[in-house]
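For reference, the structure discussed in these notes is given below.
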Amino acid sequence: MGWLFGGYTKKDISQMEELADVDGLLKVMERTAQDYSNDIAKGGILVATVEALGRIGGERAIEKLIWILGGGAWQHRMAAAKALGNLKVTRAAKPLYDALEEEIARELEPRIEYIRALGKIGNEEAINLLIRALGIQESDIYGRPASIVAGIHAAAEEELNKIPGGKERLSQRLKIVKTVLGGDMDDNTKKSNAGSGGDDKFTKLKELKEMLSEGLIDEDEFKQMKKEILGK
């Protein structure tokens, strides 16, 4: 019979998917989500349901996939992110980025999936959010170790290099970082910031403000770079 969770097995989920039974799958999600912390140990019925909804698609399924980004275990959020990316749901771009910043799991995997989903969406908003992800620091993600931050930066850079227009934005970003911060996004930047005097920081902030005024960076990039300059 297979694993039974919430009164359902994976065979039940497969049959609902074959019938494109969104109502049935939503009912499964409603029942199993109440005990999501035990889902993985009991066969991943909720994960299978999320994946099935992602393959079926449609507005009602998409709405629930975006909703799951804010709840469940990290495996459920990761499955929802993968589905939204495969469906190229443009309105999911900001929720995916919010999930990236708000993720509390120790694992890197869900964060990588949020970034990959943004890469698959690939519109201007997604590109802007991937650029923004390059500025994420340890303090932005519940104090996770530097290896998590490095993984986020590497994944965002990889996706930007795949997207039409993304490579150019990435190149522009790196030039701006070197110009304004006098380094790169990693340890050299942090050391430069830590050793900068007040006058140096003032000059960099002034240059940054000018770049914002000239439209070379957007408001989110300005705020992120300002934090880096000030070492916050």
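Points worth noting:
- Residue separation of Arg169 and Glu125 scaled by 0.36 nm, minus their Cα-Cα distance, works out to 14.6 nm of gained length.
- Among Tyr142, Tyr36, Tyr114: highest mean-square fluctuation, GNM of the chain, C-alpha pairs under 10 Å: Tyr142
- Rounded to the nearest 10 degrees, the angle from helix 198-213 to the longest Cα principal axis of the chain is 60 degrees.
- Taking only alpha carbon atoms, the stretch 87-164 gives an Rg to Rh ratio of 0.94, where Rh is the Kirkwood radius.
- Where only C-alpha atoms are counted, convex hull volume of the chain per residue in Å³: 114 Å³
- Positive-end residue, the chain charge dipole about Cα centroid, Cβ charges, pick of Met225, Ile62, Ala73: Met225
- FRET efficiency for Arg91 and Phe202, using Cβ-Cβ distance with R0 set to 35 Å, rounded to 0.05: 0.30
- Summed residue charge, Cβ within 12 Å of Ala156's Cβ, Lys/Arg positive, Asp/Glu negative: +3
- Annotation: Cα Rg of the stretch 1-118 relative to the compact-globule expectation 2.2 N^0.38 Å equals 0.99.
- Using alpha-carbon coordinates, inclination of helix 146-162 to the longest axis of the chain, degrees: 90 degrees
- Only Lys, Arg (+1) and Asp, Glu (-1) charged, at Cβ; the chain dipole about Cα centre in debye: 200 debye
- For the pair the stretch 12-32 and the stretch 121-177, the centres of their Cα atoms are 36 angstrom apart.
- Cβ-based exposure ranking for His153, His76, in which fewest neighbours within 10 Å come first: His153, His76
- For the chain, the 222 nm mean residue ellipticity estimated from helices alone, with every DSSP H stretch of n ≥ 4 adding -39500 (n - 2.57) and the total spread over all residues, rounds to -21500 deg cm²/dmol.
Each value in this text was obtained by applying a stated rule to the coordinates, not by laboratory testing. Bear in mind the structure is a predicted one, so any value in this text is a computation, not a measurement. Neighbour counts run over all protein chains shown; Cβ positions are idealised from the backbone, glycine included.
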